[in-house]
Structure formats: structure tokens, C-alpha cells
């Protein structure tokens, strides 16, 4: 049963888009690869709560976030190092460092858990931002479904140019053959240590943005606004958020 609805929204939402977001929301409350459903929902709730954190605000204003010590204002349902990951990625991602990432692992977060935490956060931000732009309330978080994480780790994942292990575009195994199609794309590699998270996020992106082939098909417009208008908005948002990609 769908847990996400835009009934009563001030603007009509495309059926394919609401369906894609609905799949994400239903999946959010189910066991993942490294996190059970309870932890996935806790990460989602902490993602929403992070904007209220005084420590994050002071670190963001500082010349270096690492010069400001303290404890995050959290909901108290996650370990401190999980809260640190959620809050720092939410509040100041442009100034994360490899040494910070290594400290998170040394604090007890596995690389697979780290990727899944970041992925849950990214899914929630994508859908919450959409609702905000629509002038619609945030969707209620789904109920927790029982079950154990799959703990699937692709044998082909290695540390390449990223901080985390990833699957190189031409080195995937048969289980990921469905994902590695089309032209190589560096950004699509980012979450591949946890393939189901990569699949989910870029399926959502294909509906909220454009499918891969449509991005370079300038002979046809697939949305209510043009390619140029889409890229103008994307570029401006990236600049505001200090996205160096």
C-alpha cells in the first residue's frame, strides 16, 4: 500500500513521478542492505531534524568546522557518529574531508552502512525538497517493516578514485549488469557499494530530472520546461549548495 500521496496538492503531479516517489517511500520503511527498517526511518527522521542543530549552525559559520567542538542536537535515536554523518552531510558537505570519513569508519560505521546512511538522507532530501517547492507538507514517514538487512556486498567493489569502495563501470558482475548500461557516468558510480541504493536513487532521478538518454537528446523536450531551463535551475542550485561536481 502506498504511503505517499499528493492528494490536495496545489499543482498536479505527474503520475510517473508520484509513483516513483511512492516506491522510494515504501522502501524507506523496509530493511535495506546494511540497515534494518528501524534505523532507516531513524536516519530519515534525523535528516529532517538536522536543520535545527545549533552545533551545525556554528560549524557552518566557522572558518573551519573542525575548530568548533560540541554535541549535535539530535533526536537521540542514533549513535553519535551516525548523527555526525547525517548532520555534517546535511549542513556542510562541501567541507567534508577524507580524514573525517576515515574517523567515521574508525568510530564503528562500516563503509556499507555509511553509503546507506548517505543514500537514505539523499532520498529524503529529494522528496522533501520537491514537496517544499510544491507548497505541500512533508510526507509522513512510513511505518517500520520487520526483517533483516540483506548484507549483500558486490565482490567487484574496490577503492578507486572515491573515498569509498565503488564498482568501476567496466568491472561490474552479473548481479549489477542491469545498472551499468549506457555511457559511463562517474556520478552513477558513487553509491554502487550498495547497488540497491544506487538503483533506487537514480531511478528517482530519472523521474525528477531526466532519464539518461533524454539528457543529451536536444531534439526533443521531455518536460514542461526545456533542457536549457532545467540546466539553468540545476546549475544555480548547485552553486548555492557549493556542489563542486
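Points worth noting:
- Label-reachable residues, the range 109-131, where backbone N falls under 15 Å from a point 7 Å from residue 175's Cα toward its Cβ: 112-113
- The residues 191, 232, 63, 23, when put in order of fewest to most other Cβ atoms within 10 Å, stand as 63, 232, 23, 191.
- Result for the chain in a Gaussian network model with C-alpha springs under 10 Å: among 201, 218, 180, the largest mean-square fluctuation is at 218.
- Where Rh is the Kirkwood radius over Cα pairs, Rg/Rh for the range 114-245: 0.98
- Within the range 199-216, backbone nitrogen closer than 18 Å to the virtual label 7 Å beyond the Cα of residue 150 toward Cβ: 199-204
- Stretching the chain fully between residue 26 and residue 100 yields a gain of 23.4 nm (0.36 nm per residue, less the alpha carbon separation).
- For 231, 38, 84, order by how many other beta-carbon atoms lie within 10 Å, fewest first: 231, 38, 84
- Highest to lowest packing among 163-171, 128-136, scored as the average C-beta count within 10 Å: 163-171, 128-136
- Ordering 154-162, 115-123, 10-18 by mean Cβ neighbour count within 10 Å, with the highest value first, yields 115-123, 154-162, 10-18.
- Once you reduce the range 147-188 and the range 1-77 to the center of their Cα atoms, the two points are 24 Å from each other.
- Length added when fully stretched, residue 3-residue 216, from 0.36 nm per residue minus Cα-Cα: 73.3 nm
- Intensity falloff of the range 30-150 expressed as log10 I(q)/I(0), Debye formula with alpha-carbon point scatterers, at q = 0.11 Å⁻¹: -0.38
- Near-label residues of the range 86-121 by backbone N, under 18 Å of a point 7 Å along Cα→Cβ of residue 69: 100, 103-104, 107
Values quoted throughout were computed directly from the atomic coordinates according to the rules given, and no laboratory measurement underlies them. Note that this is a predicted model, so its numbers are computed, not measured. Note that we place each Cβ from the backbone using ideal geometry, even for glycine, and neighbour counts take in every protein chain shown.
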